[in-house]
1. Can you sort A:Arg379, A:Arg509, A:Arg329 so the residue with the fewest Cβ neighbours within 10 Å comes first?
2. How high is the relative contact order of the range A:3-234? Use alpha-carbon pairs under 8 Å, at least six apart in sequence, and give a whole percent.
3. Would you mind putting A:538-551, A:162-175, B:225-238, A:482-495 in packing order, based on average other-beta-carbon counts within 10 Å, highest first?
4. Output needed: percent of Cα pairs per 5 Å distance bin for the range A:179-315, bins running from 0 to the one holding the longest distance.
5. Counting DSSP beta bridges in the protein assembly as shown, what percent are antiparallel, to the nearest 5?
6. With point charges of +1 on the Cβ of Lys and Arg and -1 on the Cβ of Asp and Glu, referenced to the Cα centre of the range A:159-248, which listed residue (A:Ser173, A:Asn215, A:Phe161) lies farthest in the positive direction of the dipole?
7. For the modelled label position 7 Å from the Cα of A:Arg35 along Cα-to-Cβ, which residues of the range A:61-91 have backbone nitrogen atoms closer than 18 Å?
8. Output wanted: per-residue J couplings in Hz (rounded whole) for the range A:256-268, from phi through Karplus 6.51 cos²θ - 1.76 cosθ + 1.60, θ = phi - 60°, x for Gly and Pro.
Amino acid sequence: MSKTIDELLPRILPRVQKPARYVGGEYNQTVKALREIDTRVAFCFPDTYEIGMSNLGLRILYGVVNNMDGVWCERVFTPWGDMEAEMRAAGLPLYALESHDPVADFDMIAFSVGYEMSYTNILTMLDLAGIPLRAAERHGLHNIVFAGGACTYNPEPLAEFIDFFSLGEGEESTVEIVNCWRDAKKRDLSKEEFLWEVGKIPGVYVPSHYEHRYNPDGTLAAIVPLPGAPAKVTKRIVQDLDKAYYPVEPIVQSTEIVHDRQNLEVMRGCIRGCRFCQAGYTYRPVRPRKPETLYNQALQSLASSGDSEITLSSLSTSDYKYLEPLTDRLTEYCAARNVNISVPSLRADNFSRDLMLKLQKVRKSGLTFAPEAGTQRLRDAINKNVTEEDVLKTCEIAFAGGWNNVKLYFMLGLPTETDEDVLGIAELVYKIYNCWKDHASNKKRGVRIHVATAFFVPKPFTGFQWERQITPEEYLRRCRLLKEHMNNKSIEYSYHEAKLSELEAVLARGDRRLGPVIEAAWRRGAKLDGWMEYFDYEKWIAALEECGVDRHFYTTRGFGTDELLPWETIDPGVSKAFLLRERERAGRSEITPDCRHGCAGCGANRLLECGRCDP
Amino acid sequence: MRMLFTKEGVAIWSSHLDLMRALMRSFRRAGIELKHSQGFTPHPELSILMPLSVGVESQCEIAEFALAEGCEIPAEEIAARLNPVLPAGIRALESWEGGQKAGKLAWLRARLTLRYQGTGNREPGTGDGEADSSAPLRSPFDFAQGKAENDRIEAIRALFGRPSLIVEKHGKKGVVETDIAPMIRELVVKGTGNGEPGTGDAADSAAGENAVVLEAVVAAQNPTLNPLLLATAIERYLPEYKPALVQCRRLEIYDADMRPFR
């Protein structure tokens, strides 16, 4: 343990909010003796403890790396603003939770990046650790910084700061990467030599091995790999999820986190193919876990954590093939022990209705739908195959069964959206309200219908990756239009911050010219941008101006289908040809059936050794 | 049923609600099924007698709980079953059936360690990166420093000899001026480095450092005196002796007859 840090902490912690976030020591954390290890990995999550500890990827990779002999992986999160200020005032460097040792002492520093608006937190963490921000300013094998996570399929905005990226699922590749570093250390390689070695590992992208050239109009002219660098880097996947590591002895958070429950990942990938959804495309191919595997993992992780709730998670859990046998067995176990089972992302179909009633046995939770769009035409265009009939039928049963709380999620600014589509949302909401009036078992308690709209952000590797984003002003006009048409005290309407989504769009489809913008915004004080307490649009606008970058180039302009896209070095499995086909079908409001009703040929099955998805 | 337990080390930074959640999880891990309330969202029946402020240590916390029907574990075994699965800093000392009525709780013995600057410890805000600043600096003016320390101890002793001590108490009704003197039953002021046997708590690391230790028995109920208010009194009446850091540890709780409350 670091003596200085442990002397400073008791003086600082009484003054900060939720100090339990900063001390570690949780049940099931991994502690190793320094004399038994040769490699130290700091697993950094660029957001708060509450968010990071809710991340399954972090928990998996923490376990995977700590299962390696001689390697100790520890956790690091972004301190909240009050703690950051105290740390800077006291000269306390960023430290890892397990050992309280400074992050600067670690051999490898890994970032798991799930969200564009956490980019500045990476810089905050490197800076608090006393590590140079830019990859080119870090020399030697010490403090190698790499990153992965859902948001790194377009790694270019971070290219300047990160030595290399690990794309796709990290269960196997992270072990290979750490071993590659150990080997480099043994052979006393230079950092440059190591980067060439690690770049040979499938799924590893070394940005400094590629040159990006631009046209006079600002579009990308060419991506030129250095001799020896692969033209394409294909993301990694786990072939057999039943054999993959799963954290059955999970770290038990010592303070409440966002997902304060066990998380059982029933499958990876999604059969649906909603055209706006990056995860829906990039998590493919679809691979379910066996119900026996899941049942055992559930029992072990519940027993080891003592949690009283378990979530069956995936992008669309009602599409998990063996949901019924799994929930049957689990409800039996859980009901006897007062453990609640929750199933998020249920679809509004027949089976889900039955399941909803079954799960109610332990606890009655709210009803949530994400129709995403207000009219069938637009739902078809985005390939969100939910019908009004399904939604109303489910509501009818729920209201009759005593539910009186419904949450509805929509997006505004979707491609091809008109005012008619916006007003369609209000219409659907009123139909639900009338459904409650007709079917509620007890009208005295009233009904709460929460409607939330998000501002559509076009993301790389989706059918909408070329689309324009509407302006924040236009988005807010549509919000107001919708609000004017939902005047009912039972209906509560909230909408996402427009400016945040605009910047998210800039960063999501950003190229290497965004690196200096991120740094300039951070130098101006931008931090914790995903949090409304801290988000400051003006700092970002000033940073864009300072760097001569026009945000509209990445938002309202739209990208040409013949344009070279910054993220084209990366192959996430789904092919560009497929994404183009999806875009064309969207224009015709034509749906693509889900994977089980005919393969749409997305290309992700190429990643499977057996060549067959969804076994 | 009741259980006596400690809250030390990293666990002191957990809030009361965090501790409740941690104990509930620990019971589940130990395979001890708690009785659950009826209703819409059943809750396990578990409570902690005197909620502890964040940052305060204790060796005398009491939790009260009921086992589920059919869970036939003798009360005395609960502590031993919990210990292997409790988080760091929480240790079950003993468990028993029944217990005194909560209303009988009357007094709390607590220790306050007041730490002062100039011990060689780097203070927040002086991050000047001196070489090995963590090593205790030996002042060349040991004698002068010793005198200053004695003056401080005397001043603090004299302060708590006063018949009335008004401090601001921040409660649900806002800030209230309260006289804490009548709520102090006993109070001893000591310097440190007196070679007391170590108990592994925060006061030990104060040995040889620039610190003052207060040990007091204060009202635990009707009204309650948070021992940290003793430090507040020093800040108010003796601002020149305002400590840089206050560490607090609950040592024991008693009934009106000064018998340990259980």
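1. Numbers: A:Arg379 23, A:Arg509 29, A:Arg329 16.
So the residues, fewest neighbours to most, are A:Arg329, A:Arg379, A:Arg509.
2. After rounding, I find 16 percent.
3. So the order, starting with the most tightly packed, is A:162-175, B:225-238, A:538-551, A:482-495.
4. That works out to 2, 8, 12, 11, 12, 13, 13, 12, 9, 5, 2, 0, 0, in percent per bin.
5. 55 percent
6. My answer, from the dipole projection, is A:Ser173.
7. Under cut-off, by backbone N: A:70-72.
8. 4, 10, 4, 9, 8, 6, 6, 10, 9, 8, 7, 7, 10
Computed from the coordinates by the stated procedures, all read-outs in this text should not be read as laboratory data. What you see is a predicted model; the values in this text were computed from it and never measured. FYI the Cβ positions are ideal-geometry reconstructions off the backbone, even for glycines, and counts take in every protein chain you see.
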